[in-house]
Amino acid sequence: MHATSNPIIIIPARMGATRLPDKPMADINGQPMIVHVWRRAMEAQAGRVLVAAGEQVIVDVILAAGGEAVLTDPGLTTGSDRIAEALRQLDPRQDHDFVINLQGDLPTLPPEDIRTVLLPMSDPAVDIATLVTQITRPEEINDPNVVKAVISFPVKQSGPVRIGRALYFSRAAIPYGEGPHYHHIGIYVYRRSALERFVTLPPSALEKRERLEQLRALEAGMKIAAAYVDSVPLGVDTPADLERARQILGKSV
C-alpha cells in the first residue's frame, strides 16, 4: 500500500435481519453488538471509522460511544450500496482512496485482520481485496452457509502474509480433488474507483445464482485479491451465535 493512501473503514448496519431481529442492537455484555464492531475497527488503527446506519437508533448508540455515524437510506439492501452512499455524504472531495467494508456482525474480529486486508492493495492492478483461511472442519466443505473461495496462491512469495488472486466464490465444495479448501471471510477493501463502478453494475447472473455479491465484480472483469489469515471470526447470525460472542468477549475483558 502506498505511503500516501488514506483508508476509511465503514461499517454498514441495519435492523432488518430475520434470523436475529434488531441484530446491531443485540446486547453483548452490556453494549450493543455494533459498538463492539466499531471498537474492533478503532483498535485496528487503520484509518477513519464510520458507521453507515439504516436507522437513527444505530447512529445514536455510536455517537454515545464516541464514534462517528451517518444515517443512510433504510431501503438500501446491500452493504456496498450503503457504504457508497455514506461516502457520498461525508467525503465528497474523495479524500479517502481505500474503503474497507466491515460487516457489523463480526464483534470478535481480530483488529490485525483489518490491517491485513489492506496489504493486497499495494498492487495497483487489484480492485478489491478480501480475506480467506483454510477450512479445517470437514463438515464445512459441503455446508452452503460456508462460502468457499478458489484462490490462486503463488508457489513462492515473500512478505508478511500469503496473497493470491481470487478466481471464484461458491457455496459449493470447490475446487474438486485433493488439496485445501478456503473459507471466505466477508471483509472487503475497495479501491475508491472500483467501489463507485461496482455499485453502478446490475446484479449479475452468477451473483443471483450463488447469492454472492462479489461475483458481480469478477464477472465485470475486476481483480479481487485475497490475503490469508489464521482463523475465521465469529459471524453473529443466530441467537446461538450471539451467546458464543458473549462468552468469547466476556473472557477477553
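Data overview
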read-out: Over region 110-232: Kirkwood hydrodynamic radius from C-alpha pairwise inverse distances, Å; value: 14.8 Å
read-out: Peptides 43-54, 170-181 ordered by average Cβ neighbours within 10 Å, highest first; value: 43-54, 170-181
read-out: Euclidean distance of C-alpha centroids, region 104-120 and region 131-164, integer Å; value: 16 Å
read-out: Summed residue charge, Cβ within 13 Å of ASP241's Cβ, Lys/Arg positive, Asp/Glu negative; value: +1
read-out: Percent antiparallel among DSSP beta bridges (both partners in the chain, rounded to 5); value: 55 percent
read-out: Over the chain, volume per residue of the alpha carbon convex hull, in Å³; value: 135 Å³
read-out: Scattering profile of region 1-106 at q = 0.10, 0.16, 0.19, 0.23 Å⁻¹ [log10 I(q)/I(0), Debye over alpha-carbon scatterers]; value: -0.25, -0.64, -0.90, -1.28
read-out: Burial ranking of peptide ranges 108-115, 206-213 (average Cβ count within 10 Å, highest at the top); value: 108-115, 206-213
read-out: Total charge dipole magnitude, region 1-106, about the Cα centre, Cβ charges on Lys, Arg, Asp, Glu only, Debye to nearest 20; value: 160 debye
read-out: Signed unit charges on C-beta, dipole axis of the chain, positive-most listed residue ALA240, LEU102, LEU90; value: LEU102
read-out: GNM top mover of LEU195, LEU20, LEU215 - the chain, alpha-carbon springs below 10 Å; value: LEU20
read-out: Full-extension gain in nm, ILE248 to SER193, via 0.36 nm per residue minus C-alpha separation; value: 16.1 nm
read-out: Highest-first arrangement of 130-143, 153-166, 74-87, where packing means the average Cβ count within 10 Å; value: 74-87, 130-143, 153-166
read-out: FRET E, pair LEU201, THR136, Förster distance 25 Å, beta-carbon r, rounded to 0.05; value: 0.15
read-out: Region 165-243 - Kirkwood radius from inverse mean 1/r over Cα pairs (Å); value: 14.6 Å
read-out: Under 13 Å from the Cα of LYS148 - aspartates and glutamates, other chains or at least 8 residues apart; value: GLU139, GLU140, GLU210
read-out: Listed residues VAL51, ILE151, PRO21: farthest to the positive end of the dipole of the chain (Cβ charges); value: ILE151
read-out: Karplus-derived HN-Hα couplings along region 176-191 (A = 6.51, B = -1.76, C = 1.60, θ = phi - 60°), whole Hz, x at Gly and Pro; value: 6, x, 6, x, x, 10, 10, 8, 7, 9, x, 10, 10, 10, 9, 5
read-out: Calculated on alpha-carbon atoms, Rg and Dmax of region 92-148 in Å; value: 14.8, 48
read-out: Region 170-219 and region 38-90: distance between their alpha carbon centers, rounded to Å; value: 23 Å
read-out: Theoretical FRET efficiency, 1/(1+(r/R0)^6), r = Cβ-Cβ of VAL161 and GLN56, R0 51 Å, to 0.05; value: 0.85
read-out: Normalised contact order of region 6-87, rounded percent, pairs of Cα under 8 Å and 6 or more residues apart; value: 31 percent
read-out: Candidate lysines for bridging to LYS23, where Cα separation is under 23 Å - those fewer than 8 sequence places away on the same chain excluded; value: LYS251
read-out: Cut-off 14 Å between beta-carbons: net charge of the residues surrounding PRO92, Lys and Arg +1, Asp and Glu -1; value: -1
read-out: Where labels lie 7 Å past Cα in the beta-carbon direction, separation of ASN145 and ASN29 in nm; value: 2.4 nm
read-out: Distance between modelled label sites at LYS208 and GLU112, nm, 7 Å Cα→Cβ extension; value: 4.3 nm
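Just so you know, all these numbers are worked out from the coordinates, no wet-lab data involved. What you see is a predicted model, and the numbers here were worked out from it, not measured in a lab. Don't worry about glycine lacking a Cβ; one is built from the backbone with ideal geometry, like all the others, and counts go over all protein chains shown.
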